[in-house]
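Undergrad: Just dropping this structure here.
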Amino acid sequence: MSTKYKFWDQDKLYFVTFATVGWVDVFTRPIYRDILIDSLKYCQLNKGLEIYTYCIMSNHIHMIIGRHGKYNLEEILRDFKKFTSVKILKLITENSEESRKEWMLKIFSDAGRSNSNNRNYQFWQQQNHPIELSDNKMMDQKLEYIHNNPVQAGIVLSPEEYLFSSAKNYAGRPEVLMEVKFME
């Protein structure tokens, strides 16, 4: 693992990104996306995950995160990724209405077989690529990047229109998916 991508200081904020293997568009389906949202909320309540900003796209997630309590960021993200991968793969496998089931499972299976860390499937790409946010300029830049991701993708015209992002929180809109801790 590269020494560039590590959580060096557990008391700092980090920009993280993680994506599905093969950039498979899994989170276009609410059933799978809801697992992510519920799992992030669980990590906030039970593991000390502090989410400052987030954006869930069709095949990846961007967040600015920190933590409080006994769990370190690596442990929190490891547990989150393990739980969500097992749960989502089980749902894909059992979902008789999933039209992309065979295609997705083949991609996840091929990735799992080529990675000695897995037994059958690999859902998430290995790395989180944490980038420590050492100053306000970096924080503002990453916040803007995260919230503008759906705009750049051509999904919405303004960040707060996107349903699966903390841009609504920052715009003061009432219909937020989960609470975030605002950056100061």
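The values are calculated or read from the model by the stated rules, or taken from the named source; none is laboratory data. Computed from a predicted model, the values in this text were never measured in an experiment. Heads up, the Cβs are rebuilt from the backbone with ideal geometry, glycines too, and the neighbour counts pull from every protein chain shown.
Undergrad: Every residue in the range 130-184 that is farther than 25 Å from Asp38 by Cα, not polar (S, T, N, Q) and not in a loop (DSSP other than H, G, I, E, B), please.
TA: Glu132, Lys137, Met138, Met139, Asp140
Undergrad: Taking the range 37-69, which residues are within 22 Å of Glu184 (Cβ to Cβ), surrounded by fewer than 16 Cβ atoms within 10 Å (Cβ to Cβ) and either touching a Lys or Arg at 6+ places or on another chain (Cβ under 9 Å) or polar (S, T, N, Q) (or both)?
TA: Matches in the range 37-69: Gly69 only.
Undergrad: Taking the options Ile61, Ile51, Ile65, Ile88, name whichever one is at pLDDT 95 or above, over 22 Å from Tyr170 (Cβ atoms) and not small (Gly, Ala, Ser).
TA: From the options Ile61, Ile51, Ile65, Ile88, the qualifying one is Ile88.
Undergrad: Count, please, the residues in the range 142-170 that happen to be closer than 15 Å to Ser58 by Cβ, free of Cβ contacts under 8 Å to residues at least 60 places away in the same chain and over 16 Å from the mean Cα position of the chain (by Cα).
TA: Of the residues in that region, 5 qualify.
Undergrad: Does Asn95 satisfy being more than 13 Å from the chain's Cα centre (by Cα), more than 29 Å from Ser134 (Cβ to Cβ) and among the polar types (S, T, N, Q)?
TA: yes
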